Amino acid sequence: MHIIADSSTTRTEWVLVDGARIVERAFTSGMNPYFQTRREISHCIRLELPDSFFRRRWDHVYFYGAGCGTADKSKVMSSSLVAQFKTPVTVESDLLGAARGLLVREPGLACILGTGSNSCLYDGNEIVQNVRALGFILGDEGSNAYLGKTFIADVLKGIAPAELANAFFEHFAVTPNALVDEVYSAPMPSRALARYSRFLADHTDNPYVYQLIYAGFMRFFTRNIAAYEFRGKPLCFVGSTCVVYRDILDRAAADFGVTIAKAVRSSMPGLVEFHSSEQ
């Protein structure tokens, strides 16, 4: 038996797997070594996972996580996992997890649209091309953090419709100054921005909101997908954003000239299939 974990900055999904069968599933907070220390990650694992995940030594732990795309950050995560599970560990990026989860062994384009965003060309086993995501300040186009950042900036600059801005402040019971302070002082700012962006999901009938989301998705396509040889390859998405705004995403894709083959919330079913085929 082994453990597979798929982690975004917001949430981590864990499963205990016996072959192709999921024995147990659990969720913890998201983990990202760019924003958390080894100690903070270890506390999250130990305190939030059920005891059943620590009752024995497993054959292997496969961890796919945001912020784990470089050797030094991957090492931080790996050290935390080894300390908690006392078993062999493999740490990979959340993007490779998305690719294997969406396409399993089939070549194609895999994209993340959740708290952050990313994309890659996948050969059926590994990533062969990637346009750098660059995070919520320089990139992450179309993500919840990107949409939240754009919307909050419009609200604070008086660009968003007044009735929408007023409803936003009433819904979250926050003042403009407190909002700025939170965004700039939060330990994981992309998570804070993503939380505020969820307000948009209830207002997609507002032309301003619809256009903001559509423009974010078009920026994702033009600044990321356009760099790949995408014609004739399946284009797949994973993450909360691509599911919640699927209709708008489909329209943006059509205007860009592509068709989305799959859009799902979780990579886990495909990851279980991928690793069961290795047994």
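Being touching a residue at least 24 places away in the same chain (Cβ under 8 Å) and farther than 20 Å from MET218 by Cβ is the requirement here; does THR90 meet it? Judged against the criteria, THR90 is a match.
When ASN177, ASN166 are checked against the criterion of being more than 26 Å from PHE35 (Cα to Cα), among the polar types (S, T, N, Q) and open to solvent by 60 Å² or more (accessible area, probe 1.4 Å), ASN166 stands alone in meeting it.
Quick check on my filter: what residues within segment 229-240 are touching a Cys at 6+ places or on another chain (Cβ under 9 Å) and either of a type in the set (S, T, N, Q) or modelled with pLDDT of 95 or more (or both)? Steps first, please.
If we filter segment 229-240 for residues that are touching a Cys at 6+ places or on another chain (Cβ under 9 Å), which is where we start, we get 235-239.
Those that are touching a Cys at 6+ places or on another chain (Cβ under 9 Å) and either of a type in the set (S, T, N, Q) or modelled with pLDDT of 95 or more (or both): LEU235, CYS236, PHE237, VAL238.
Restricting attention to segment 67-100 and to residues that are among the small types (Gly, Ala, Ser) and open to solvent by 10 Å² or more (accessible area, probe 1.4 Å), the residue that is farthest from GLY239 (Cα to Cα) turns out to be ALA83.
Quick one: is TYR196 in a helix (DSSP H, G or I), touching a strand residue (DSSP E or B) at 6+ places or on another chain (Cβ under 8 Å) and not hydrophobic (A, V, I, L, M, F, W, C)? Steps first, please.
Working: in a helix (DSSP H, G or I): yes; touching a strand residue (DSSP E or B) at 6+ places or on another chain (Cβ under 8 Å): no; not hydrophobic (A, V, I, L, M, F, W, C): yes.
Against the criterion (in a helix (DSSP H, G or I), touching a strand residue (DSSP E or B) at 6+ places or on another chain (Cβ under 8 Å) and not hydrophobic (A, V, I, L, M, F, W, C)), TYR196 does not qualify.
Are any of the residues in segment 229-251 within 16 Å of ALA99 (Cα to Cα), touching a residue at least 60 places away in the same chain (Cβ under 8 Å) and touching a Phe, Trp or Tyr at 6+ places or on another chain (Cβ under 8 Å)? Within segment 229-251, none of the residues are within 16 Å of ALA99 (Cα to Cα), touching a residue at least 60 places away in the same chain (Cβ under 8 Å) and touching a Phe, Trp or Tyr at 6+ places or on another chain (Cβ under 8 Å).
Name the residues in segment 118-145 that are in contact with a strand residue (DSSP E or B) (Cβ under 7 Å, 6 or more places away or on another chain) and within 20 Å of TYR214 (Cα to Cα), would you?
Listed by number, the residues that qualify are ASN118, SER119, ALA133, ASP140, GLU141, GLY142, SER143.
Scanning segment 128-143 for residues that are surrounded by fewer than 20 Cβ atoms within 10 Å (Cβ to Cβ) and aliphatic (A, V, I, L, M) returns VAL128, VAL131, LEU134, ILE137, LEU138.
Could you grab me the full set of residues in segment 232-279 that are part of a helix (DSSP H, G or I), open to solvent by less than 20 Å² (accessible area, probe 1.4 Å) and more than 30 Å from MET1 (Cβ to Cβ)?
Taking segment 232-279 as the starting set, the residues that turn out to be part of a helix (DSSP H, G or I) are 240-244, 246-256, 268-276.
Those left that are additionally open to solvent by less than 20 Å² (accessible area, probe 1.4 Å): 241-242, 248-249, 252-253, 268, 270-272, 274-275.
Hits for segment 232-279 are THR241, CYS242, ILE248, LEU249, ALA252, ALA253.
Checking each residue in segment 47-66 for being touching a residue at least 60 places away in the same chain (Cβ under 8 Å) and open to solvent by 10 Å² or more (accessible area, probe 1.4 Å) picks out only TYR62.
The values are calculated or read from the model by the stated rules, or taken from the named source; none is laboratory data. Model, not experiment: these values are computed from the prediction. In this analysis, Cβ positions are derived from the backbone assuming ideal geometry, glycine residues included, and neighbour counts consider all displayed protein chains. Only protein heavy atoms, including side chains, enter the accessible area calculation; ligands, DNA and RNA are left aside. Shrake-Rupley method; radii C 1.70, N 1.55, O 1.52, S 1.80 Å.
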